[in-house]
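My structure is below; once you've seen it, I'll send some questions.
Read-outs: derived from the displayed coordinates by stated rules, not from any lab. Keep in mind that this is a model prediction, so the values were computed, not measured. Cβ sites come from the backbone with ideal geometry, for glycine too, and all protein chains shown count toward neighbours.
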Amino acid sequence: MQILLTGGAGYIGSHTIIELDKAGHSVVVVDNLSNSCEESVHRVSEIIGKPIPFIKADVRDAVAMDSIFKSYKIGAVIHFAGLKAVGESVAKPLEYYENNLNATFVLVSAMRNNGVKNIIFSSSATVYGNPAVIPITESCPKGECTNPYGKTKSMLEEVLSDVQKADPEWNVVLLRYFNPIGAHQSGRIGENPNGIPNNLMPYITQVAVGRRPELGVFGNDYDTPDGTGVRDYIHVCDLAAGHVSALQAIERKCGLAIYNLGTGHGYSVLDVVKAFEKVNGVKVPYSIKPRRAGDIATCYCNPAKAKAELGWEAKFGIEEMCRDSWNWQKNNPKGYEG
Ligand code: NAD
Ligand code: UFG
């Protein structure tokens, strides 16, 4: 099947192209490069040994999107495009609502107008808020999101569910990602944040490579085994493979389906620092800082539903995640810029 990847030049999208190619799918990528660069697509093209059709366009551009659906025989869309920085979304709520909501409205209208009714949406564990149950199952109620980014994910889940309810020919898969880290084993593609990283792993790798003096650990007084925040880190290649399994569900006409994509294991900030130091033989100096506003103590999932219904489960452990994150960073100390 030919798959349209919105935001396919980004971190998760670029890794997903490789898994789709392995499974025999072809791709078309549309991205406005607001948080990525075309170099990632070039490198993926080298890895898979094939050209990748790339359109530099904004998903909010209805004319551009209509033309993509008219030019290619798209069977399904994986909708990665969106702004994703939690802190920035608090400072710039309008930009986040405008981009993430409008891009999805324009995309889904273009899909409907062109008879394409299969979509996989990049949602997030953030929709559970401070989770009512740990480990989190898909039946856990959605919670209060503390930031506009998370609210866009939660709202868009509702929008897409309503589209599917109104027209049961739609297949809508909502994938709630936990914390993707790691990189492709080639070391050619990986996470390339702009400016100071918000997320833990890119911060650790930038400290290890000498770009930043030390990691700030946001709080050591949470109700967790060592007091630091616990998360469900998942290798980005495992996460990417989850999209291939979701496409198979679409081919079986799944209607509306929701899956957690995580490993089911929780690691604290200090567990990750220690694993990173051990597997890579490098030091990651850190100091304890105050808690970060909006953070929760513990977030990890029960991934049993994805295993039972999709036959998908994560294969890589925390050491492989740390190894591959470092392999990417040390080979590309300035990311795609050099
Ligand atoms: P990313 O920023 O690397 O990729 C997103 C891509 O979308 C970027 O290449 C950006 O240029 C593009 N984009 C943004 N707005 C666009 C628009 N209007 N038109 C065209 N392109 C646009 O982020 P990622 O980590 O690869 O995340 C992919 C998706 O997964 C996002 O929707 C994100 O919210 C979601 N998600 C990510 C995480 C995570 O921790 N990385 C966790 C949960 C959910
Ligand atoms: N942390 C630090 N220091 C840092 C960065 C993070 O101690 O410099 C800690 C955080 O306090 C947290 C853990 O590391 O305990 C993970 O933080 P991240 O920022 O890497 O990830 P979050 O769990 O806060 O959020 C991520 C994505 C969201 C997504 C969420 C859902 O950024 O977009 O996972 O799983 F919604």
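Calculated FRET efficiency, GLN185 and VAL159, Cβ-Cβ r, R0 45 Å, to nearest 0.05? Write out the running numbers ahead of the final one.
Details: r = 36 Å, r/R0 = 0.81.
FRET efficiency, GLN185 to VAL159: 0.80.
Let me ask something else about it. Residues with beta-carbon under 9 Å from that of SER124, excluding SER124: net charge, scoring Lys, Arg +1 and Asp, Glu -1?
Details: positive: LYS84, LYS153, ARG176; negative: none.
Net charge in that neighbourhood comes out at +3.
When the helices in the chain are scored as -39500 (n - 2.57) per DSSP H run of 4 or longer and the sum is shared across all residues, what 222 nm value do you end up with, to the nearest 500 deg cm²/dmol? Write out the running numbers ahead of the final one.
Values: 11 runs with 137 residues, N = 338.
The per-residue figure over the chain is -12500 deg cm²/dmol.
Moving to a separate point now. What is the list of residues in the stretch 211-232 whose amide nitrogen lies under 18 Å from a point 7 angstrom out from the Cα of ILE196, following Cα to Cβ?
Output list for this probe position: 211-219.
Same structure, new question: Take the Cα of SER287, step 7 Å along the line toward its Cβ, and report every residue of the stretch 204-230 whose backbone nitrogen sits under 20 Å from that point.
204-222, 228-229
Let me ask something additional. What does the C-alpha gyration tensor say about the overall shape of the stretch 20-76? Classify as rounded when a/c is under 1.5, otherwise prolate if a/b is larger than b/c, or oblate. Intermediate values should be presented prior to the final figure.
Details: a/c = 2.59, a/b = 1.27, b/c = 2.05.
The shape class here is oblate.
Further question: Could you give me the ³J(HN,Hα) list for the stretch 21-35, computed from phi with Karplus coefficients 6.51, -1.76, 1.60 and θ = phi - 60°, whole Hz, x at Gly and Pro?
Rounded to whole hertz, the list is 4, 4, 7, x, 8, 10, 10, 10, 10, 10, 7, 8, 6, 5, 9.
Divide, for the stretch 185-263, the radius of gyration over alpha carbons by 2.2 N^0.38 Å, where N is the residue count.
On the way: Rg = 17.3 Å, N = 79, 2.2 N^0.38 = 11.6 Å.
Scaled against compact globular proteins, the figure is 1.50.
Related question: Normalise the Debye intensity by I(0) for the stretch 6-140, one equal point scatterer per Cα, no solvent, then take log10 at q = 0.14, 0.21, 0.22 Å⁻¹ and round to two decimals.
-0.71, -1.30, -1.36
Report the local net charge at ALA297: Lys and Arg +1, Asp and Glu -1, summed over other residues whose C-beta lies under 15 Å from its C-beta. Write out the running numbers ahead of the final one.
Working: positive: ARG231, ARG291, ARG292; negative: ASP221, ASP223, ASP226, ASP232, ASP271, ASP295.
Taking every Cβ under 15 Å from that of ALA297, the sum is -3.
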